[in-house]
1. State whether the residues of the stretch 1-12 include one that is within 15 Å of the ligand (Cβ to nearest atom), polar (S, T, N, Q) and at pLDDT 95 or above.
2. Read through the list (1) out of contact with any Pro (no Cβ under 7 Å at 6 or more places or on another chain); (2) part of a loop (DSSP other than H, G, I, E, B), then give the number of the only condition that A261 fails.
3. From S104, S122, which residue is within 13 Å of A81 (Cα to Cα), touching a residue at least 12 places away in the same chain (Cβ under 8 Å), in contact with a Phe, Trp or Tyr (Cβ under 7 Å, 6 or more places away or on another chain) and crowded, with 19+ Cβ neighbours inside 10 Å?
4. Go through the stretch 156-208 and count every residue that is in contact with a Lys or Arg (Cβ under 6 Å, 6 or more places away or on another chain), under 24 Å from I243 (Cβ atoms) and not in a helix (DSSP H, G or I).
5. Got a sec? Which of L153, L134 is closer than 19 Å to I259 by Cβ, within 17 Å of the chain's Cα centre (by Cα) and away from the ligand (no atom under 11 Å from the Cβ)?
6. Yes or no: the stretch 180-197 includes at least one residue that is modelled with pLDDT under 95, among the aliphatic types (A, V, I, L, M), closer than 30 Å to R314 by Cα and within 11 Å of the ligand (Cβ to nearest atom).
7. Name the helices (runs of 4 or more DSSP H) wholly within the stretch 14-128 that hold at least 3 residues that are out of contact with any Cys (no Cβ under 7 Å at 6 or more places or on another chain) and either of a type in the set (V, I, T) or within 12 Å of the ligand (Cβ to nearest atom) (or both)?
8. Considering only residues of the stretch 270-306 that are among the basic types (K, R) and at pLDDT 95 or above, which is surrounded by the most Cβ atoms within 10 Å (Cβ to Cβ)?
Amino acid sequence: MRVLVTGGAGYIGSHTCVELLKAGHEVFVIDNLSNGHETSLERVRLITNCELQFTNADIRDANALDKIFNTFKPDSVIHFAGLKAVGESVANPLMYYDVNVGGSVSLLTAMSKAGCNKIVFSSSATVYGKPQYLPYDEEHPTNPVNPYGRTKLIIENIINDWTEVDTNRKGVILRYFNPVGAHESGQIGEEPIGIPNNLMPYIAQVAGGRREHLNIFGNEYDTSDGTGARDYIHVVDLALAHIGALNQNKLDMFDVLNIGAGKSTTVLELVSNFEEISGVPIKFKYLPRREGDLAAFWADSSKAFEKTSWKPERNINNICEDTWRWQKLNPNGYGIK
Ligand SMILES: NC(=O)c1ccc[n+]([C@@H]2O[C@H](COP(=O)([O-])OP(=O)(O)OC[C@H]3O[C@@H](n4cnc5c(N)ncnc54)[C@H](O)[C@@H]3O)[C@@H](O)[C@H]2O)c1
């Protein structure tokens, strides 16, 4: 298959490119490098010993998209490109609607023109909002509590409407839980620009000496040790879920799948696991809980298991080992921006 990967130079995109190339697909990446790194694509080539094509362009650039669809003629699109920082989306919602929603409309428009019928889209467990029950399954009501989450839900609905127009079209929505870890080679991983928003890169940077200590927000939640608990999914398992979604005929024209490990791990559990694997003590401080943070949540991913034969195979130990290898080999990521 020829697969166009939007946002392929980013964290999850680069890992997915590796798995696509390993599975024998041809890959074309479009990324404006606003949060991605061209070096990650060089590393993808190195890991797989395969070629992939790349254009540095914005998905809102209709001409750039048309050119790719006319020359590469993709069979499918995996759509990662977008902005993902919740706090930034609250401060600058219009930018999020423009890039995420506007970018997706632009992409679907180019697909429609070229007759490309299949899209796999990166959504998020954020679309569920406050849990009415746990684990979240795909039938759980959606009520995102910030603009980032709302852009994801709007795009899901747009893709649903787009598939209704033509029975040849297929839209698969993957709602990710908490992607973490790195490729086992240590060559590609998560490289946040500036101070990490997510826990795992923060822990890794404290262990690597790049940050002084970790702030833990809240230690009186109703969890085993009082700290917040999340469903961490290894990024390579997540990448493989996209291959499952591309290949699967059991999926409906429009289908939504949770992609998580199916259990939650607290902040302290993750910290102590990381300490054990790295041999480095992680300094941390407790701070008050943050407005809007949930105590715990995790996924029911049984629908993905049944419909795509996908199952996560990596555990928290693998996550810490692979993150630590990536951190040690790349103490400054792909190079400080
Ligand atoms: N990482 C997570 O915790 C998480 C969780 C749930 C969902 N997601 C979603 O998964 C997708 C990928 O996330 P990630 O963690 O790899 O993020 P990332 O920032 O590493 O990757 C996104 C890539 O898209 C590119 N990009 C952004 N806007 C673009 C535009 N207008 N045109 C072209 N390229 C553009 C960036 O340069 C970057 O390389 C995003 O849509 C994100 O919302 C991520």
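The values are calculated or read from the model by the stated rules, or taken from the named source; none is laboratory data. What you see is a predicted model; the values in this text were computed from it and never measured. Backbone-built Cβ (ideal geometry, glycine too); neighbour counts: all protein chains shown.
1. Looking through the stretch 1-12, at least one residue is within 15 Å of the ligand (Cβ to nearest atom), polar (S, T, N, Q) and at pLDDT 95 or above.
2. Going through (1) out of contact with any Pro (no Cβ under 7 Å at 6 or more places or on another chain); (2) part of a loop (DSSP other than H, G, I, E, B) one by one, A261 breaks only (1).
3. Values: S104 fails: in contact with a Phe, Trp or Tyr (Cβ under 7 Å, 6 or more places away or on another chain).
Only one candidate passes the filter, namely S122.
4. The number of residues fulfilling the criteria is 5.
5. Numbers: L134 fails: within 17 Å of the chain's Cα centre (by Cα).
None of the others qualify; the one that does is L153.
6. The answer is yes; a qualifying residue exists.
7. 38-48, 62-71, 86-91, 103-114
8. If we take residues in the stretch 270-306 being among the basic types (K, R) and at pLDDT 95 or above, then K303 is surrounded by the most Cβ atoms within 10 Å (Cβ to Cβ).
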